[in-house]
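Quick notes on the structure that follows.
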Amino acid sequence: MAKRKRTGGIQQRIAQANAEVRVETCGNESQLAQFLLERFAWGEMSPQLLQRISHLAVQDFLAAEKNEKVLGDLRALASIGTNGTYPNKCHADLMAKAEKISCLPDPFRISMPFAPPVGEFMQGILLPHEMFSAMYHQYPNTFKKSVLNSEDASKSFWNSVAQHPQMHAHPLKDIQHYKTTCIPIALHGDGVPIVGLGKGWSRVMTLFSWYSLVGQGHTRELLFWVWGIYDRLIKGAVDGGTRAKFFAVLCWSFRVMLEGRWPSHDFEGKRQHLNPWGKIMT
């Protein structure tokens with residue numbers, strides 16, 4: 001038997017294979033259901049994700065019977081890349097639409113010192129207190145799950161560490177009712193290979209995130225990214241080094257979270273404007 005000649009790129013061959021295995025229908029079946037089943041058959045989608053998408057689609061269809069504007073968001077997403085005509089434009093169009101609906105803060109822009117030949121270079125840092133504030137005011141469900149489920153959870157944590165040596169004469173104890181008003185958080189830093197994965201010459205990037213010690217959920221729901229840097233670009237001076245400036249900003253942001261009010265001055269003591277909500281928590 002003659003060997004079948006392969007033509008086109010990988011995406012074209014996958015599309016051709018999808019067309020060949022597609023079950024013939026009589027025209028009444030759901031195109032979305034057919035697509036989801038194909039993605040599942042190719043191992044690109046778990047049965048749980050398939051069920052979730054199908055459930056949300058049914059809920060939207062039922063709601064659209066009462067209000068046709070419900071499907072407006074879906075129509076907007078379906079229009080990216082000129083309705084899929086230009087797949088290479090989909091990402092840019094999607095990001096443009098996402099920016100308009102996100103209530104998360106923009107990164108804090110700051111010039112950071114790096115090792116030669118980079119030198120001074122602008123960086124974006126997602127300040128913890130701004131992210132904390134945005135979640136509390138704009139995404140209360142996420143805040144309740146990932147940061148603080150209840151005052152009892154916070155109280156239970158502080159009771160569990162009451163006898164720890166670090167809590168002896170800790171300044172936190174000077175705060176009235178700290179067990180119910182202070183949320184325990186932690187800083188996470190980890191080196192991640194970014195370039196040359198699995199190679200001896202791989203390059204590592206250190207990523208910093210913060211998380212609540214009383215949050216609930218998977219790791220991706222708990223870790224909130226702050227900043228990342230290639231290790232080989234770190235300027236090691238104690239004063240004026242890369243780490244020194246980053247941690248100066250980070251410590252200032254954490255102090256703001258502890259105080260519970262939007263700061264009148266930035267990390268260098270310069271006066272700044274209030275945030276849209278005026279406070280971090282009320």
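The values are calculated or read from the model by the stated rules, or taken from the named source; none is laboratory data. In this text, all values refer to a predicted model and were calculated from it rather than measured experimentally. FYI the Cβ positions are ideal-geometry reconstructions off the backbone, even for glycines, and counts take in every protein chain you see. Ligands, DNA and RNA are excluded from the accessible area calculation, which covers all protein heavy atoms including side chains. Shrake-Rupley method; radii C 1.70, N 1.55, O 1.52, S 1.80 Å.
Suppose we filter the stretch 228-271 for residues that are within 26 Å of the chain's Cα centre (by Cα) and either not aliphatic (A, V, I, L, M) or not in a helix (DSSP H, G or I) (or both); how many remain? Walk me through it before giving the result.
Keep residues of the stretch 228-271 that are within 26 Å of the chain's Cα centre (by Cα), which gives 228-234, 242-263, 266-267.
Checking the rest, the ones that are also either not aliphatic (A, V, I, L, M) or not in a helix (DSSP H, G or I) (or both) come to 228-232, 234, 242-243, 245-247, 251-255, 259-263, 266-267.
So the answer is 23.
Is at least one residue of the stretch 191-204 in a strand (DSSP E or B), in contact with a helix residue (DSSP H, G or I) (Cβ under 6 Å, 6 or more places away or on another chain) and either free of Cβ contacts under 8 Å to residues at least 12 places away in the same chain or farther than 21 Å from residue 221 by Cα (or both)?
Taking the stretch 191-204 as the starting set, the residues that turn out to be in a strand (DSSP E or B) are 191-195, 203-204.
With in contact with a helix residue (DSSP H, G or I) (Cβ under 6 Å, 6 or more places away or on another chain) added as a condition, the list becomes 204.
Subset that is either free of Cβ contacts under 8 Å to residues at least 12 places away in the same chain or farther than 21 Å from residue 221 by Cα (or both): 204.
For the stretch 191-204, residues in a strand (DSSP E or B), in contact with a helix residue (DSSP H, G or I) (Cβ under 6 Å, 6 or more places away or on another chain) and either free of Cβ contacts under 8 Å to residues at least 12 places away in the same chain or farther than 21 Å from residue 221 by Cα (or both): present.
Can you tell me which residues in the stretch 133-170 are assigned to a loop (DSSP other than H, G, I, E, B) and over 27 Å from residue 262 (Cα atoms)? Even if it seems obvious, please write down each step before you answer.
Initial filter on the stretch 133-170 (assigned to a loop (DSSP other than H, G, I, E, B)): 139, 147-150, 161-164, 168-170.
Those that are assigned to a loop (DSSP other than H, G, I, E, B) and over 27 Å from residue 262 (Cα atoms): 161, 162, 163, 164, 168, 169.
When the stretch 81-94 is examined, which residues are found to be more than 22 Å from the chain's Cα centre (by Cα) and surrounded by 11 or more Cβ atoms within 10 Å (Cβ to Cβ)? Write out each step before concluding.
Of all residues in the stretch 81-94, those more than 22 Å from the chain's Cα centre (by Cα) come to 81-89.
Across the stretch 81-94, the qualifying residues are 81, 82, 84, 86, 87, 89.
Residue 57: under 19 Å from residue 34 (Cβ atoms), assigned to a helix (DSSP H, G or I) and either touching a helix residue (DSSP H, G or I) at 6+ places or on another chain (Cβ under 8 Å) or of a type in the set (Lys, Arg) (or both), yes or no? Please lay out each step first, then the result.
Working: under 19 Å from residue 34 (Cβ atoms): yes; assigned to a helix (DSSP H, G or I): yes; either touching a helix residue (DSSP H, G or I) at 6+ places or on another chain (Cβ under 8 Å) or of a type in the set (Lys, Arg) (or both): yes.
Against the criterion (under 19 Å from residue 34 (Cβ atoms), assigned to a helix (DSSP H, G or I) and either touching a helix residue (DSSP H, G or I) at 6+ places or on another chain (Cβ under 8 Å) or of a type in the set (Lys, Arg) (or both)), residue 57 qualifies.
Of the residues that sit in the stretch 119-132 and are touching a Phe, Trp or Tyr at 6+ places or on another chain (Cβ under 8 Å) and not in a helix (DSSP H, G or I), which one is farthest from residue 207 (Cα to Cα)?
120
Yes or no: the stretch 128-147 includes at least one residue that is open to solvent by 90 Å² or more (accessible area, probe 1.4 Å) and at pLDDT below 90.
no
All but one of (1) touching a residue at least 60 places away in the same chain (Cβ under 8 Å); (2) open to solvent by 80 Å² or more (accessible area, probe 1.4 Å) hold for residue 174, so report the exception by its number.
Just one mismatch for residue 174, condition (1).
Just to be sure I understand the filter: pairs with C-beta atoms under 8 Å, separated by 6 or more residues or on different chains, first member in the stretch 134-159 and at negative phi, second member basic (Lys, Arg) and crowded, with 16+ Cβ neighbours inside 10 Å. Which pairs pass?
As it stands, the answer is 154/179; 155/179; 158/179; 159/179, since those pairs meet every condition given.
I want to confirm something. Restricting to the stretch 233-266 and keeping residues that are within 17 Å of residue 132 (Cβ to Cβ) and basic (Lys, Arg), which single residue is modelled with the highest pLDDT?
Here the residue is 255.
Please work out if residue 69 is modelled with pLDDT under 90, basic (Lys, Arg), within 26 Å of the chain's Cα centre (by Cα) and farther than 30 Å from residue 232 by Cβ.
Details: modelled with pLDDT under 90: yes; basic (Lys, Arg): yes; within 26 Å of the chain's Cα centre (by Cα): no; farther than 30 Å from residue 232 by Cβ: yes.
For residue 69, the condition - modelled with pLDDT under 90, basic (Lys, Arg), within 26 Å of the chain's Cα centre (by Cα) and farther than 30 Å from residue 232 by Cβ - is not met.
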